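Let me begin by presenting the structure, written as structure tokens, before commenting on it.
The values are calculated or read from the model by the stated rules, or taken from the named source; none is laboratory data. In this text the structure is predicted, and so the values were computed from the model without any measurement. So basically every Cβ, Gly included, is an ideal-geometry build from the backbone, and we count neighbours across all protein chains shown.
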Amino acid sequence: MSAELLALLRQVDTPTVCNAIGVAQGKRGFNRFTRGTMQHSKPGDPAMVGFARTAKISGLLPAREPADVIRARRMDYFRSMAAGQGPRLAVIEDIDYPNCIAGWWGEIHVAVHKGLGQVGAITNGVMRDLDVMDAGFPVLAGSIGPSHGFVHVVEIGGPVSLMGMHISQDELMHADRHGAIVIPNEIIADLKQAIETVIANEAIVLGPARAPGFDIERLEKVWAEFEAART
């Protein structure tokens with residue numbers, strides 16, 4: 001991914017990128033996005049863009065393994081989060097979903113992951129400490145809650161599933177307050193042009209709609225142009 005594309009992706013919202021993937025693929029039907037409404041720690045922040053570092057956690061019940069095993073796995077988890085290419089996102093599946101109680105994402109873990117060079121986090125689980133989270137590290141979570149429960153890491157680096165979306169380690173992702181998507185590797189080279197196409201196509205309607213004198217006759221004309229241009 002070029003620096004130019006990375007900068008563009010950070011400037012546009014996730015719905016725009018989702019539409020652009022359809023343009024790049026030449027069809028509708030792209031479905032690698034989250035379902036349902038998620039909670040964003042910093043709704044006004046720019047979009048998160050990065051390569052996924054995956055793990056699974058649980059916190060509804062105590063861990064069944066010895067404490068030393070759990071502690072060692074947590075350190076292995078941090079090592080994995082610190083590794084990887086380019087901008088990195090923590091993508092964490094809470095296997096207790098939809099009954100998650102464990103606020104893995106709070107003041108401490110936000111500070112730690114940011115310090116390790118990550119740019120944000122996506123989870124189907126719980127976040128907390130919203131008022132004291134460090135700036136510059138947004139979290140997109142399934143819910144908000146007060147407890148950490150019996151939270152512990154159960155798996156590192158494997159495929160994860162959250163909010164109806166499947167993600168593998170090192171896949172490129174885009175996320176904001178609307179949700180998250182996986183950007184297919186095969187369209188990355190075409191994505192910049194596709195985003196520019198989406199923006200240009202939408203301007204066909206948005207410009208006239210926001211101009212004085214807009215009416216149904218004008219809408220009929222520009223909508224026909226819009227339909228002819230878009231995927």
Q) How about region 202-231: which of its residues are surrounded by fewer than 13 Cβ atoms within 10 Å (Cβ to Cβ) and farther than 26 Å from Val23 by Cα? A) Ala211, Pro212, Gly213, Asp215, Ile216, Glu217
Q: Could you list all residues from region 84-125 that are touching an Asp or Glu at 6+ places or on another chain (Cβ under 7 Å), charged (D, E, K, R) and touching a residue at least 24 places away in the same chain (Cβ under 8 Å)?
A: Glu107
Q.
With the requirement that a residue be more than 15 Å from Gly26 (Cβ to Cβ) and surrounded by 13 or more Cβ atoms within 10 Å (Cβ to Cβ), what does region 178-194 give you?
A. His178, Gly179, Ala180, Ile181, Val182, Ile183, Ile188, Lys192
Q.
Whether any residue in region 106-125 is closer than 14 Å to His40 by Cα and out of contact with any strand residue (DSSP E or B) (no Cβ under 6 Å at 6 or more places or on another chain) is what I want to check.
A. yes
Q) Condition test on Gly164, is it in contact (Cβ under 8 Å) with a residue 40 or more places away in the chain, over 24 Å from Leu9 (Cα atoms), surrounded by fewer than 16 Cβ atoms within 10 Å (Cβ to Cβ) and not hydrophobic (A, V, I, L, M, F, W, C)? A) no
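Quick test for you: out of Ala102, Ala63, pick the one residue that is in contact with a helix residue (DSSP H, G or I) (Cβ under 8 Å, 6 or more places away or on another chain), within 14 Å of Val154 (Cα to Cα) and assigned to a loop (DSSP other than H, G, I, E, B). Outline the logic, then answer.
Numbers: Ala102 fails: in contact with a helix residue (DSSP H, G or I) (Cβ under 8 Å, 6 or more places away or on another chain).
Answer to the check: Ala63.
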Q.
Going through Ala47, Ala7 one at a time, which residue ends up being in the same structural domain as Met127 (by TED's automatic domain parsing) and not polar (S, T, N, Q)?
A. Ala47
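Return the only residue of Ala135, Ala90, Ala141, Ala121 being closer than 15 Å to Met48 by Cβ and surrounded by fewer than 17 Cβ atoms within 10 Å (Cβ to Cβ). It would help to see each step written out before you state the result.
On the way: Ala90 fails: surrounded by fewer than 17 Cβ atoms within 10 Å (Cβ to Cβ); Ala141 fails: surrounded by fewer than 17 Cβ atoms within 10 Å (Cβ to Cβ); Ala121 fails: surrounded by fewer than 17 Cβ atoms within 10 Å (Cβ to Cβ).
Just one listed residue meets the conditions, Ala135.
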